[in-house]
Amino acid sequence: MFKQIMEAVHKSQMEISELRSECHELRQANASLERQVREGLQNGSRLGTPGFNTPAPSSPQLRAKSPFLTPTSIPTLAVPPSIYVPSPLSDNSLTQFPFGIREIPGFWVVIPAGGAGTRLWPLSRENHPKFLLDLTLKGRSLIQATWDRLLPLTSATRTVIVAGPAHVKGITEQLPDLLPHNLFCEPSAKDSMAAIGLAAAILAVRDPNAIIGSFAADHMISGDDAFLAAVAEAVEVAKKDYLVTIGIAPSHPSTGFGYVRLGEKLGMSDAPNARLVSSFKEKPDARTAAAYIKTGNYRWNAGMFVTKAAFLMQLLKEYKPELHEGLEKIALAWDDERTRQNVLNEVWPGLEKIAIDNAVAEPAALDRRVAVVPATFGWDDVGDFSSLADLLPAESNQPRILGDSGLVVTEQAAGGIVVPGSGRLVSLLGVDDLVIVDMPDTLLVTTRARSQEVKRLVKKCRDAGWKQLL
């Protein structure tokens, strides 16, 4: 029995070693691709995938003193005005492409801005969620960075945001170039299908030939060149009546993301990387995630979708006819302010609450109508404090600090993340991998390993009568 156990342990160690080797090779491949892109930019050469020039963002470059970029009732972090934390992610500043054309004609950007980001509480609150926060202290919130990143593919006139009533004011303050009629306010949260479907239905009325791309407001991306090229390739595939997602090359066997299994190549000359989606996989356990990566046939599902607005509505009509009917009714009344609210009050409460993956992507994949463009840019949904810590710079064997490093004193404390937001001194002795978020009205202490469970703590706080702090 002991011999069998030792053989199993040895086999597991060998598999782990192989996975580490494969991840290392993947990182090297990504670095090589980024180097080729940079060399191409310097030499002015043309690459095989369309790309575009990124103009300097016209929105004001705010220099934030804290992650809270707009006046709010939430207590601000105690951060000195001079602080500047370099970000390992894209700066979303001037990005030069070796191509003359910048915009994709007929391409509309849809940015769903929903959710409270409860796993980042108490930094993220219901009325001021993570997409309104500057999580790298670079002066741009996540939604501003998303706007900046996508602007070269479209324009302000073809960029829409779907958000709830509580976030409209913050969004309009942070994005002064957003046109009022392109801010779609959903009365209540109904998950991603209703939000994206609402935008698709309205845009299909305004522009029957519209191709839309849906990109979450609260994700971080590195490598804007590779990102824009992948989106441009996805648009080419979408023109052929596909629902297209962008699959992220996994850097590790994550249990926090869903996966896309790659199918056969589509063989499109203007989209050489595109493949059919074989299937979508829910968030796996650690062993399954490791097995996915080992095959090389899986990509992270980042929830990015590109398709014709009319085609998405067609899929919705086939797979969720009642939801389609409701959204169509709302869309026909949307641009008439006199009837819009009455129709919303009548229809919206009865709409099904369901994610776009479950509503149309998964069943359409079985019918070979979903494609994927594998991509190599860095991506993270900043889903908890552990992932946020990975995105912040730190000295060796020290915790990451989001805020004024002068307010944090450590002795033999490695890893973890500290948010010194109250102005008080935070001192750590002999503790590793802690998450400490010290706000003026709330203190959170947990471990990186359990940071995904902060959402449960938020529920307990709500049940205990602390709703005003959520």
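Too long at a 28 Å Cα-Cα cut-off: which of Lys130/Lys239; Lys239/Lys281; Lys130/Lys190; Lys239/Lys265; Lys240/Lys294; Lys240/Lys320? From the list (Lys130/Lys239; Lys239/Lys281; Lys130/Lys190; Lys239/Lys265; Lys240/Lys294; Lys240/Lys320), the Cα-Cα distance tops 28 Å for Lys130/Lys239; Lys240/Lys294. Sparsely packed loop sites in region 377-470 (the GluC sites (Glu not before Pro) outside DSSP H, G, I, E and B with at most 16 other Cβ atoms within 10 Å) comprise Glu395. Note on region 107-380: antiparallel DSSP beta bridges, both residues inside, total approximately 55 percent of the bridges counted. For region 385-469, what Kirkwood radius comes out of the mean inverse Cα-Cα distance, in Å? Result for region 385-469 stands at 13.3 Å. Residues His181, His252, His219, sorted by accessible area with the largest first, give His181, His252, His219 [1.4 Å probe; ligands and nucleic acids excluded]. Spin-label model, His252 to Glu352: label points 7 Å out along the Cα-to-beta-carbon direction sit 3.7 nm apart.
Order the following by accessible area, largest value first: Leu183, Leu327. Probe radius 1.4 Å; ligands, DNA and RNA are ignored. Mind dumping the intermediate values first?
Details: Leu183 25, Leu327 0 Å².
Sorted by accessible area, descending: Leu183, Leu327.
Solvent-accessible surface of region 107-380, averaged per residue with a 1.4 angstrom probe and all protein chains in place: 35 square angstrom.
Judged by the mean number of other Cβ atoms found within 10 Å, the most tightly packed of the peptides 429-437, 338-346 leads the ranking 429-437, 338-346.
Considered as an equivalent ellipsoid built on the Cα gyration tensor, region 107-380 has semi-axes of 28, 23, 18 Å, the largest given first. Report the FRET efficiency, 1/(1 + (r/R0)^6), for Arg338 and Cys185, where r is their Cβ-Cβ distance and R0 is 22 Å, rounded to 0.05. The computed FRET efficiency comes out at 0.85. Averaged over residues, the count of other Cβ atoms within 10 Å places the peptides 365-373, 286-294 in the sequence 365-373, 286-294, highest first.
The values are calculated or read from the model by the stated rules, or taken from the named source; none is laboratory data. Since this is a predicted model, take the numbers as computed values, not measurements. As a convention, Cβ positions derive from the backbone with ideal geometry for all residues, glycine included, and neighbour counts pool all protein chains shown. These accessible areas exclude ligands, DNA and RNA; they are computed on the full protein's heavy atoms, side chains included. Shrake-Rupley method; radii C 1.70, N 1.55, O 1.52, S 1.80 Å.
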